[in-house]
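Taking it in order: structure first as structure tokens, then the write-up.
Here, each number is a calculation from the coordinates, and none is a lab measurement. On a predicted model such as this, the values are computed, not experimentally measured, just so you know. Because the Cβ atoms are built from the backbone with ideal geometry, glycine has one as well, and the counts that use them run over all protein chains shown.
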Amino acid sequence: VVVAASGCDLHLDLAGRRVRAGLEAALREAVQSGRLAAGTRLPATRVLAADLGVGRGTVAEVYAQLIGEGWLTSRQGSGTQVATTEAALPVPGPRHGSPLPDGRRLRYNLLAGHRDLSAFPRAGWLAAARKALAAAPSQALGYGDPRGRGELRVALAAYLSRARGVRASPDQIVVCTGSTQGLALVSQVLRDRGLATVGVEEYSHPVLVRAVTSSGLSLLTLSVDESGAAVGSASDAGAMLLTPAHQFPLGPALSPARRAEAARWAAHTGGLIIEDDYDGEFRYDRRPVGALQALAPEHVIYVGTASKALAPGLRLGWLVLPEPMVEAVAEAKACADLHTGSFEQLTLAEFIRSGAYDRHIRRSRLVYRARRDQLVAAFARHAPGIPITGIAAGFHAVATLPPGEDEHEAVGRAAASDVAVEGLGTYAIDHHSRGPALVIGYAAATDHAYITALARLGEAITSRPAGSASRARTAPN
Ligand SMILES: Cc1ncc(COP(=O)(O)O)c(C=O)c1O
């Protein structure tokens, strides 16, 4: 049925359902799936009732029900609208089968890899943008070097050597649209050079692994323990992709012995290490662990991103390449998209050069350290006995569920409490060989939602599965 009322075309799939239940389900579905955006005004009950040929009371009851559940809001004078649930999110589909219908929107975001985007330093970024654009020569508006703007490569080389111990000259840097593109370009070049296999950590980010396999490279999985990836088992691979500062998602840093072993492996075999330094600056209990790249600059491809420190929507990342790879990667970048957008690059260059980036990182470190502490405290209180690991750095931690617990059910119970969180299995490259666990992102929720999110998660994962069937869905209000 399509009803056109109050300037609002509403497609509602009512086929074959009882009118009241059908209208309620159809409207809820339209809001949950995002088809009806936040703020959309719904037709007045009288108008919708006339369009559908049902009693006005029926429509009013349905609206009241959905207002009660938090999907709609009603304000005197402005009618009924689709509610703005700040953190309403589609739940990402776990790769190992999801207990949730796709497109479900949840209020409390505890997903790893997400950030509270309201914390983006808008004023500082705008000031940097204004300054950078005013200072840029007209030629900066044209096509440029596929490696990226010189201003940004100079700023990055200085920052990365100062803050991360990377041995970098601006000439070795290629700016790309996020680490994902950087990794895809590197994989393509390595594949063209005859590389067949890349070692990857047994639990890794699926998007990054896909960037590797999309160029035709095969994977060799490296197990991960408390010292990080077992780099010694990569001998059959020509390269390995590691997250040395903070293994994603399990959390350990690559130990000094493993770092040395990886550097020796690269020197002896000519193998390459791809270092994904996605959250290297964010270490809480001691100074950040420097980049592995410094141990073997000729053998390490260093990959960095603005997605964690600033915002993923910027799509800004960078590669620091061993000198002999620079030309081929720049060529691949030129084939892909000529170069990354100049304005964002100039702005980031100014943002770093002015010291705003350092200040932002320092501020964020305090915020996320406090969030990490709140997570630990909330689990001690609401879910005692559930160990939390991987907490020394970054924006996420791992909660190990009791043996025999079903990870999908725990994720489902969290979802029933309106909390978006993922099971560790989502990140398993081959098979999920560990016990059940949740990967909890603590950077995504807004300040006011975070504590509630933790309390709800703690309750959800300690409530018995048998009881969860009868748990009422809690409204997002
Ligand atoms: C391990 C890891 N590396 C890198 C990234 C960032 O990717 P990109 O720079 O393409 O946004 C993420 C994002 O979630 C990640 O989890």
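Quick notes
- The residues neighbouring residue 172, those whose beta-carbon lies less than 10 Å from its own, together hold a net charge of +1 under the Lys/Arg +1, Asp/Glu -1 convention.
- Stretching residue 126 away from residue 257 to a fully extended chain increases their span by 42.8 nm, per 0.36 nm per residue minus the current alpha-carbon distance.
- For the range 331-423, the residue among 354, 408, 332 whose Cα projects farthest onto the positive side of the dipole built from Cβ charges is 354.
- Positive-end extreme of charge dipole, the chain - chosen from 380, 175, 307 (charges on Cβ): 380
- Spin-label model, residue 191/residue 236: points 7 Å from Cα along the beta carbon direction are separated by 2.1 nm.
- Derived value for the chain: Kirkwood hydrodynamic radius 24.3 Å. Basis is the mean of 1/r over every pair of different alpha-carbon atoms.
- Helical content of the chain, expressed as a calculated mean residue ellipticity at 222 nm, amounts to -12000 deg cm²/dmol (DSSP H runs of 4 or more residues, -39,500 (n - 2.57) each, divided by residue number, nearest 500).
- Furthest towards positive pole of dipole, 260, 248, 294, structure part the range 241-309, Cβ charges: 260
- Over the range 146-209, relative contact order from alpha-carbon pairs under 8 Å, at least 6 apart, %: 28 percent
- Percent of beta bridges antiparallel (DSSP, the chain, rounded to nearest 5): 65 percent
- Length added when fully stretched, residue 448-residue 33, from 0.36 nm per residue minus Cα-Cα: 146.9 nm
- Take every Cα pair under 8 Å whose residues are at least 6 apart in sequence, average their separation, divide by the length of the range 160-289, and the relative contact order is 22 percent.
- Taking Lys and Arg as +1 and Asp and Glu as -1, the other residues whose beta-carbon sits under 15 Å from that of residue 360 total +4.
- The modelled label-to-label distance between residue 362 and residue 269, using points 7 Å beyond Cα along the C-beta direction, is 4.2 nm.
- What separates the Cα centres of the range 308-334 and the range 250-287 is a distance of 19 Å.
- Seen from residue 212, the other residues with C-beta closer than 15 Å to its C-beta sum to a net charge of -3, counting Lys and Arg as +1 and Asp and Glu as -1.
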